[in-house]
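S.K.: Handing you a structure now.
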Amino acid sequence: MNRRGVLATGAVAAGSMALASQATAGTARSTQANSRLRIGMIGVGMRGRVLLRELVRRDDVEVVGLCDVEQWTLDRAVEQFTEAGKPAPRLWTGSHESWREMLAAGGLDGVIIATPWEWHAPMAIGAMEAGVAVGCEVVAGVTLDDHWEVLRTQQRTNTPYMLLENVCFRRDVMAITRMVRESIFGEVIHLEGGYQHDLRHVKFNGGVVGEAYGGGVEFGEQGWSEARWRTQHSVDRNGDLYPSHGIGPMAMWANIHRGNRFTRLTSYASKARGLHDYVVAEGGADHPNARVNFRLGDVVTTSIACEDGTTLRLTHDTNLPRPYSLGFRVQGEKGVWMDLNRSIYIEGTSPEPHRWEAAQAWLDRYDHALWTQFAAQAEGAGHGGMDFFVIHVFIEALKVGAAMPIDIYDAVAWSAITPLSEASIAAGNATVDFPDFTEGRWREPRTWSV
């Protein structure tokens, strides 16, 4: 699949090139437009292999190194190269520090990080210090200090960093983004979104290699895949542990770091029942995990105030039975859109006053240029095509030395909601000030590149 030259007509071009001179721009090494980027990947588990598939499909990328602590996942990753008729990359394994050896070997233009959350910050820092551009899965860090250290490293090294938040590229989200920018809703007043997804079968499994979802109530050393590491966060922490799916699109709609910023935050956590009930129902009241005290509230809500008076509400709900929903709402002066009921209302334009109309016709009319151009290539990609775009924009920006579409300031601000929400809840739902990671740069005139 040949995608060279797409920036000449693609929607990424204008915004990305306009941002190339900003402080967040930079490139790991000079790259000719017609050359192939040499990419490494750290973490090729369930999520990593979805992103790897998009890299393997591209003609302008050569995946030259894979790193993982588990041989089984590396073997599954190598199968993708065999199926694509491409040479297998060099493999790095043997310890939790093998990624350092891959970086030290040199020759990488960029690296994709798709590992457990606690490794994201040290791996990104190590890569940037080696001059290797970073595409990092969410989240950027665990503690607030993590986020400052990632930011300071990027500023010091001027190495490109992008947070790989794929929901920003969901087709309806991108159409709404276009509508917001064309003032269809008028001035934005209030936004809602979040991560509302029953993850009980992700947080627990039977510990069988190759069977990641369900089949038991084990986690930690007895679990496998995400259950091995992700569930422990629900034991130890209480806050919005996964904010970027909701906050990413909302930040784009609220123009965060493009004339606006988050100023303060307040979080609440409900009682915790869902994970305990699941263990008892699936494993029995006598199972050792039935005695685990899960700290994470089943529903965590966070309210965020912005400099321009826009308010945001973020919801994290992963421990209870429910269908998947991100719960987006855009409320402006002139109307409102909600994804849950797939409906919209624009005053003076909708057919009937005070009555919803189906949103699809609006979404079709304002389909984003990225989707109209690349829908065919995105077909079959993970998460309904979103994973094609998140890799695509990272690679295209890196090829021409443009600023990353989701840059370092976006990354740390979106991700820092987690430790800030934890601090708010621990302090009895106190309102906490939001750090200005840009140190005033949010006032500088610039636009989103997508």
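S.K.: Look through Trp362, Trp337, Trp371 and report the one residue that is of a type outside the set (Asp, Glu), within 20 Å of the chain's Cα centre (by Cα) and more than 24 Å from Ser421 (Cα to Cα).
M.R.: Trp371
S.K.: Another question, if that's okay. Kindly evaluate Ala281 against the criterion of being open to solvent by 10 Å² or more (accessible area, probe 1.4 Å) and either part of a helix (DSSP H, G or I) or modelled with pLDDT under 95 (or both).
M.R.: yes
S.K.: Going by what's in this entry, would Arg76 be described as open to solvent by 50 Å² or more (accessible area, probe 1.4 Å), assigned to a helix (DSSP H, G or I) and either more than 21 Å from Pro160 (Cα to Cα) or not charged (D, E, K, R) (or both)?
M.R.: So Arg76 passes the test.
S.K.: While we're here: With respect to Ala413, determine if the residue is buried (at least 20 other Cβ atoms within 10 Å of the Cβ), of a type outside the set (Ser, Thr, Tyr) and modelled with pLDDT under 95.
M.R.: So Ala413 fails the test.
Let's see how each residue does on (1) open to solvent by 10 Å² or more (accessible area, probe 1.4 Å); (2) modelled with pLDDT of 95 or more; (3) touching a Leu at 6+ places or on another chain (Cβ under 8 Å); (4) farther than 26 Å from Arg230 by Cα:
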{"position": "Cys136", "(1), (2), (3), (4)": "no, yes, yes, no"}
{"position": "Gly141", "(1), (2), (3), (4)": "no, yes, no, no"}
{"position": "Val150", "(1), (2), (3), (4)": "no, yes, no, no"}
{"position": "Leu164", "(1), (2), (3), (4)": "no, yes, yes, no"}
{"position": "Arg171", "(1), (2), (3), (4)": "yes, yes, yes, yes"}
{"position": "Met174", "(1), (2), (3), (4)": "no, yes, yes, yes"}
{"position": "Thr177", "(1), (2), (3), (4)": "no, yes, no, yes"}
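S.K.: Just checking, does segment 122-132 include any residue being β-branched (Val, Ile, Thr), outside any helix (DSSP H, G or I) and touching a residue at least 40 places away in the same chain (Cβ under 8 Å)?
M.R.: Looking for residues that are β-branched (Val, Ile, Thr), outside any helix (DSSP H, G or I) and touching a residue at least 40 places away in the same chain (Cβ under 8 Å), one finds at least one in segment 122-132, hence yes.
S.K.: Take the conditions within 25 Å of Ile247 (Cα to Cα), at pLDDT 95 or above and surrounded by 24 or more Cβ atoms within 10 Å (Cβ to Cβ) and apply them to Ala127. Does it pass?
M.R.: Considered against the rule, which asks whether it is within 25 Å of Ile247 (Cα to Cα), at pLDDT 95 or above and surrounded by 24 or more Cβ atoms within 10 Å (Cβ to Cβ), Ala127 comes out as no.
S.K.: With the structure loaded, tell me whether Val330 is of a type outside the set (D, E, K, R), touching a residue at least 40 places away in the same chain (Cβ under 8 Å) and in a strand (DSSP E or B) or whether it fails that test.
M.R.: Against the criterion (of a type outside the set (D, E, K, R), touching a residue at least 40 places away in the same chain (Cβ under 8 Å) and in a strand (DSSP E or B)), Val330 qualifies.
S.K.: Would you mind stating whether Thr177 is touching a helix residue (DSSP H, G or I) at 6+ places or on another chain (Cβ under 7 Å), among the hydroxyl-bearing types (Ser, Thr, Tyr) and within 30 Å of Thr349 (Cα to Cα)? Step through it out loud before you land on a result.
M.R.: On the way: touching a helix residue (DSSP H, G or I) at 6+ places or on another chain (Cβ under 7 Å): yes; among the hydroxyl-bearing types (Ser, Thr, Tyr): yes; within 30 Å of Thr349 (Cα to Cα): yes.
Spelling it out, Thr177 is indeed touching a helix residue (DSSP H, G or I) at 6+ places or on another chain (Cβ under 7 Å), among the hydroxyl-bearing types (Ser, Thr, Tyr) and within 30 Å of Thr349 (Cα to Cα).
S.K.: Of the numbered conditions (1) open to solvent by less than 30 Å² (accessible area, probe 1.4 Å); (2) more than 30 Å from Leu265 (Cβ to Cβ); (3) outside any loop (DSSP other than H, G, I, E, B); (4) polar (S, T, N, Q), Thr315 satisfies every one except a single condition; which is it?
M.R.: (2)
S.K.: To continue, here is another question. Within segment 201-235, which residues are under 22 Å from the mean Cα position of the chain (by Cα), surrounded by fewer than 22 Cβ atoms within 10 Å (Cβ to Cβ) and at negative phi?
M.R.: His201, Val202, Ala212, Tyr213, Glu226, Arg228, Trp229, Arg230, Gln232, His233
S.K.: Of all residues in segment 207-252, how many are of a type in the set (S, T, N, Q) and in contact with a strand residue (DSSP E or B) (Cβ under 8 Å, 6 or more places away or on another chain)?
M.R.: 3
S.K.: Please enumerate the residues belonging to segment 36-48 that are assigned to a helix (DSSP H, G or I) and open to solvent by 40 Å² or more (accessible area, probe 1.4 Å).
M.R.: Of all residues in segment 36-48, those assigned to a helix (DSSP H, G or I) come to 46-48.
Hits for segment 36-48 are Met46, Arg47.
The rows are residues; the columns are (1) of a type outside the set (Ser, Thr, Tyr); (2) within 23 Å of Glu137 (Cα to Cα); (3) more than 24 Å from the chain's Cα centre (by Cα).
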{"site": "Gly248", "(1), (2), (3)": "yes, yes, no"}
{"site": "Met252", "(1), (2), (3)": "yes, yes, no"}
{"site": "Asp286", "(1), (2), (3)": "yes, no, yes"}
{"site": "Ser303", "(1), (2), (3)": "no, no, no"}
{"site": "Leu314", "(1), (2), (3)": "yes, yes, no"}
{"site": "Pro321", "(1), (2), (3)": "yes, no, no"}
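The values are calculated or read from the model by the stated rules, or taken from the named source; none is laboratory data. Just so it is clear, the model here is predicted, and its values are computed rather than measured. As a convention, Cβ positions derive from the backbone with ideal geometry for all residues, glycine included, and neighbour counts pool all protein chains shown. Side chains are part of the model used for accessible areas, which takes the heavy atoms of the whole protein and leaves out ligands, DNA and RNA. Shrake-Rupley method; radii C 1.70, N 1.55, O 1.52, S 1.80 Å.
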